[in-house]
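Read the structure below first, then the notes.
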Amino acid sequence: MRLSNSSAIGIMLPLIVIEAIIFGGSVYIAVAVRFMGATHEEIAASVGMILPEAMTFASIMLPSMAAMGLYQARSREEPIGMFARVLAAFVLGGILSMVLFYIFPQLYLGRGVFALSLLFSLLAIGTIRPLFFQFVDQRSPGMRLLILGAGEKASSIPTRMRRRADRRGIQIVGFLPASGEEIRIDESMLLSSPGHHLIDLVKDKEIDEIVVAQDERRSNIDMQQLLECKLAGINIIDLPTLFERQTGQVNLSLLTPSWLIFSRRFRLDPLSQMLKRTFDLIVALIICILTSPIMLLTALAIWVESGFKGPILFSQERVGENGKPFRVFKFRSMKPDAEADGKARWATKNDDRITRVGRFIRKTRIDELPQCWNVIKGEMSFVGPRPERPEFVEKLKESIPYYDVRHVVKPGLTGWAQLCYPYGANEKDAAEKLKFDLYYVKHQSLRFDMIILLRTVEVVVFGKGAR
């Protein structure tokens, strides 16, 4: 059996289906255990039809698992860390279930059935997950890849994809050197095409996809042979696309102007823009309503800590869509004189400018809540590259190629880079985060935004990337 690698969701879809069945089935098992010996009429009188409750339980637990980052195909976490996320997901799912039961009491399972459902599903998932990932990594090697090239560019593949998670869903069969190319690949991985016909090698090795990674593409690529492979149903991609798909980021060292020119998703169509704007407004209003008590307590805590004086909110100029400046709003987390000399500084680890209250609200991302107003005004989106200060942007544009491309979309409260990379504190970090920002810009969609929002819960719960 060979797993498709068309997307991370394609790899994880079987696990999602299995766990959906586990969540729904655990309710039936819990009912059977809790009401052992009871008649169908007695069970129906206590918990109802069971099916609606089972579907509701599964529909709450699956997003809770996703919010804790448990459906990432590129997960690199150790088993202990994975188990911690599963427990956190169950806690979140339990809380959401209780809220739902309060709003819709007709769906209430009863304390005994609910507790047993959580227990049985936790035991089942704790058993199934290791077996699933073992199957994906060992018994289902995924698509068989042929790399065209064995020089400098091709040699970057083993280096940049050395983690098992980066190679999930693919199997590199070998490298086919180009004529006159300096070999940088181990001889054991080199291939030769019989009779110099690429299609024969592809059929002999059962290749699913060809990756063009030759150092001199113009002179070495035989387009007629590639066309034969294409017409035979073999997928053909270039090296940047391989890195992009497997690692969830864009490799800056391989970028060319043509990559930007021929990328289709740098601008959303009008309908998608309208849907994204509507989504932003609805989510912003909901979060404002739900977190209003938290925001009031935060404002009070900042006011008390500052001796009942000093600003509670903090505004700062940032660079927005198309390079247009705007003022972003946050709860003040630093001392009022943090930049008394007027010089812009990156926030650093254990920054002594941060107050005690500020350290907590930055860790939990509460300081970002006032930016919902920026979203409502249309200056920001909920998901997008984080906006930077003009002083930093000017320097970064000079030192990092294609940095300005991130400004073709609205900045966001959260983003792909915030999920995948820690807090940026210097130009090197900014370059690393740009790889993820460009990936988002190229692949932006409402579905991708929803995935990022769900996973942002994981960032808040585990305090990842905050300073």
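The values are calculated or read from the model by the stated rules, or taken from the named source; none is laboratory data. Every value quoted in this text rests on a predicted model; they were computed, and no experiment measured them. Here the Cβ is made from the backbone with ideal geometry for all residues, glycine too, and neighbour counts use every protein chain on show.
Brief remarks follow.
- Cβ pairs under 8 Å, 6+ apart, first in the range 145-156 and without any contact (Cβ under 8 Å) to a residue 60 or more places away in the chain, second part of a loop (DSSP other than H, G, I, E, B) and among the small types (G, A, S): A150/A178
- The number of residues in the range 153-177 that are surrounded by 17 or more Cβ atoms within 10 Å (Cβ to Cβ), touching a strand residue (DSSP E or B) at 6+ places or on another chain (Cβ under 6 Å) and part of a strand (DSSP E or B) comes to 5.
- Criterion applied to V319, V328, V283 was being in contact with a His (Cβ under 9 Å, 6 or more places away or on another chain), assigned by TED's automatic domain parsing to the domain that holds G378 and surrounded by 14 or more Cβ atoms within 10 Å (Cβ to Cβ), and the one residue passing it is V319.
- Here R356 meets each of (1) surrounded by fewer than 17 Cβ atoms within 10 Å (Cβ to Cβ); (2) without any contact (Cβ under 8 Å) to a residue 40 or more places away in the chain; (3) closer than 25 Å to S292 by Cα with one exception, condition (2).
- Qualifying residue in the range 214-235 (condition: assigned by TED's automatic domain parsing to the domain that holds I147, in contact with a Lys or Arg (Cβ under 7 Å, 6 or more places away or on another chain), at pLDDT 90 or above and charged (D, E, K, R)): no
- Of the helices (runs of 4 or more DSSP H) lying entirely inside the range 385-467, those carrying at least 1 residues that are aliphatic (A, V, I, L, M), in contact with a Lys or Arg (Cβ under 6 Å, 6 or more places away or on another chain) and modelled with pLDDT under 90 are 416-420, 446-462.
- Here is the figure for the range 38-83: residues that are within 30 Å of the chain's Cα centre (by Cα), in a loop (DSSP other than H, G, I, E, B) and modelled with pLDDT of 70 or more total 5.
- Sole exception among (1) surrounded by fewer than 16 Cβ atoms within 10 Å (Cβ to Cβ); (2) at positive phi; (3) of a type in the set (G, A, S) for G149, by number: (1)
- Out of K324, K330, K335, one residue alone is at pLDDT 85 or above, at negative phi, more than 25 Å from the chain's Cα centre (by Cα) and not hydroxyl-bearing (S, T, Y). It is K324.
- Here the helices (runs of 4 or more DSSP H) wholly within the range 178-261 that include at least 2 residues being surrounded by 13 or more Cβ atoms within 10 Å (Cβ to Cβ) and under 36 Å from the mean Cα position of the chain (by Cα) are 198-204, 223-231, 239-247, 257-261.
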